[in-house]
1. Spot the failing condition for residue 201; the list is (1) more than 24 Å from the chain's Cα centre (by Cα); (2) modelled with pLDDT under 95; (3) not in a helix (DSSP H, G or I), and only one is missed.
2. Only one of these is more than 22 Å from residue 282 (Cβ to Cβ), more than 15 Å from the ligand (Cβ to nearest atom) and within 24 Å of the chain's Cα centre (by Cα): 246, 193. Name it.
3. Name the single residue that is surrounded by the most Cβ atoms within 10 Å (Cβ to Cβ) among those in the range 153-198 being of a type in the set (Gly, Ala, Ser) and not in a loop (DSSP other than H, G, I, E, B).
4. Within the range 43-77, track down each residue that is of a type outside the set (A, V, I, L, M, F, W, C), in contact (Cβ under 8 Å) with a residue 40 or more places away in the chain and touching a Leu at 6+ places or on another chain (Cβ under 9 Å).
5. Taking the condition of being assigned to a loop (DSSP other than H, G, I, E, B) and either hydroxyl-bearing (Ser, Thr, Tyr) or within 21 Å of residue 32 (Cα to Cα) (or both), how many residues in the range 297-328 meet it?
6. Here is a list: 337, 268. Which entry is away from the ligand (no atom under 16 Å from the Cβ), within 26 Å of residue 6 (Cα to Cα) and among the aliphatic types (A, V, I, L, M)?
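The values are calculated or read from the model by the stated rules, or taken from the named source; none is laboratory data. Here the structure is a predicted model, which means the values were calculated and not measured. Here the Cβ is made from the backbone with ideal geometry for all residues, glycine too, and neighbour counts use every protein chain on show.
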Amino acid sequence: MKLTFAPHTLYFKRPFKIAHGVRTSTPIVITQLQHDGMIGYGEASMPPYLGETHETVLFFLNKASIILSKFKSPYDMDSILNEIDKIETGNTAAKASVDIALHDLIGKLQNKPCWKIFNYDKNKTPYTTYTLGIDEPEIIKQKVAEGNEYKIIKVKLNGENDKATIETIRTITDKPIAVDVNQGWTDKHHALEMIEWLSDKNVLFVEQALPKNNLDDAAWLFERSPLPLYADESIQRLWDINNVKECFHGINIKLMKCTGMYEAHKMIEEARKHNLKILIGCMSETSCAISAAAQLTPLVDYADLDGALLIKNNLFDGITFIDGKITLNELPGIGAIQNY
Ligand code: MG
């Protein structure tokens with residue numbers, strides 16, 4: 001198999017404010033994995049908090065291409081992805097770009113969408129949440145109106161104007177809200193007080209209320225919280241489930257954190273053993289990585305896959321949302337086509 005790859009930059013439609021600051025763009029790398037006249041596409045997206053860059057991903061993929069050139073068949077997925085994982089620790093987005101390309105390639109060779117290969121019921125996909133960054137009330141109102149067709153609002157809070165933000169949304173809609181704090185509440189008592197305040201405001205769950213390594217306080221909050229708590233930054237890979245299973249009600253799985261679809265499957269299976277709920281999320285990504293993640297959504301409770309809606313230069317056409325519901329298509333592989 002032959003791996004080729006190229007760096008790109010995604011630009012946001014609007015500057016995106018979260019707890020860590022303001023962002024206007026995200027570096028990505030698009031991979032192509034060739035075998036038997038077919039090309040599978042993959043993507044690495046590198047938000048700053050994961051620590052990967054164009055340089056680190058290209059460096060990693062140069063090593064990965066040597067390994068992939070030694071494999072004559074893409075079907076030996078266990079061995080291929082184990083070898084890729086062993087190249088170096090970390091590099092989870094780079095690894096995901098190989099994993100996604102491999103899944104896309106296999107689907108194309110079999111002329112079947114991944115969800116069909118996995119034997120999933122495409123009607124069981126959830127609605128995607130529609131994300132609002134941290135903004136002034138007027139912009140929040142404008143964004144809520146723009147996301148009118150989406151059934152669930154996801155709002156980022158950071159400990160500053162949190163109540164005002166929720167109240168602003170509630171002046172215009174009663175839609176369910178998923179709250180993402182991105183580690184923005186540093187005090188457990190404040191977190192509990194906020195969650196109690198949110199609990200009668202049609203909030204579905206609260207994601208990553210506390211700093212990621214503060215699992216003692218997460219466990220304290222878990223015992224008292226009237227709303228379900230989801231881990232995001234506190235969990236990256238399969239083995240992290242063991243650390244968070246007693247301090248959260250659910251986990252946010254993202255392909256860029258967990259090295260791709262192969263490990264995401266294992267995480268879903270493991271999480272269910274511990275009665276954890278599952279949210280599948282994304283970074284700022286094109287419809288390539290979004291469509292790949294969407295293939296798994298018949299298995300999850302919630303999905304936050306609006307990443308491609310927020311960027312100006314989506315380099316792929318892929319899965320769609322019909323009235324906000326994730327709608328898998330019949331295209332082979334991950335269900336996305338390059339448009340540049
Ligand atoms: Mg999050």
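1. So the condition that residue 201 fails would be (2).
2. Unique residue meeting the criteria: 246.
3. 191
4. 43, 45, 65, 69, 74
5. Final tally of qualifying residues: 5.
6. 337
The rows are residues; the columns are (1) in the same structural domain as residue 211 (by TED's automatic domain parsing); (2) among the aromatic types (Phe, Trp, Tyr); (3) closer than 24 Å to residue 212 by Cβ; (4) crowded, with 23+ Cβ neighbours inside 10 Å.
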| position | (1), (2), (3), (4) |
| --- | --- |
| 9 | no, no, no, no |
| 14 | no, no, no, no |
| 21 | no, no, yes, no |
| 27 | no, no, yes, no |
| 31 | no, no, no, yes |
| 38 | no, no, no, no |
| 41 | no, yes, no, yes |
| 48 | no, no, yes, no |
| 63 | no, no, no, no |
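Conditions (1) within 16 Å of the ligand (Cβ to nearest atom); (2) over 24 Å from residue 9 (Cβ atoms); (3) free of Cβ contacts under 8 Å to residues at least 40 places away in the same chain; (4) touching a Lys or Arg at 6+ places or on another chain (Cβ under 9 Å), marked per residue:
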| site | (1), (2), (3), (4) |
| --- | --- |
| 242 | no, yes, yes, no |
| 277 | yes, yes, no, no |
| 280 | yes, yes, yes, yes |
| 283 | yes, no, no, yes |
| 293 | yes, no, yes, yes |
| 297 | no, yes, no, yes |
| 305 | yes, no, no, no |
| 323 | no, yes, no, yes |
| 327 | no, yes, no, yes |
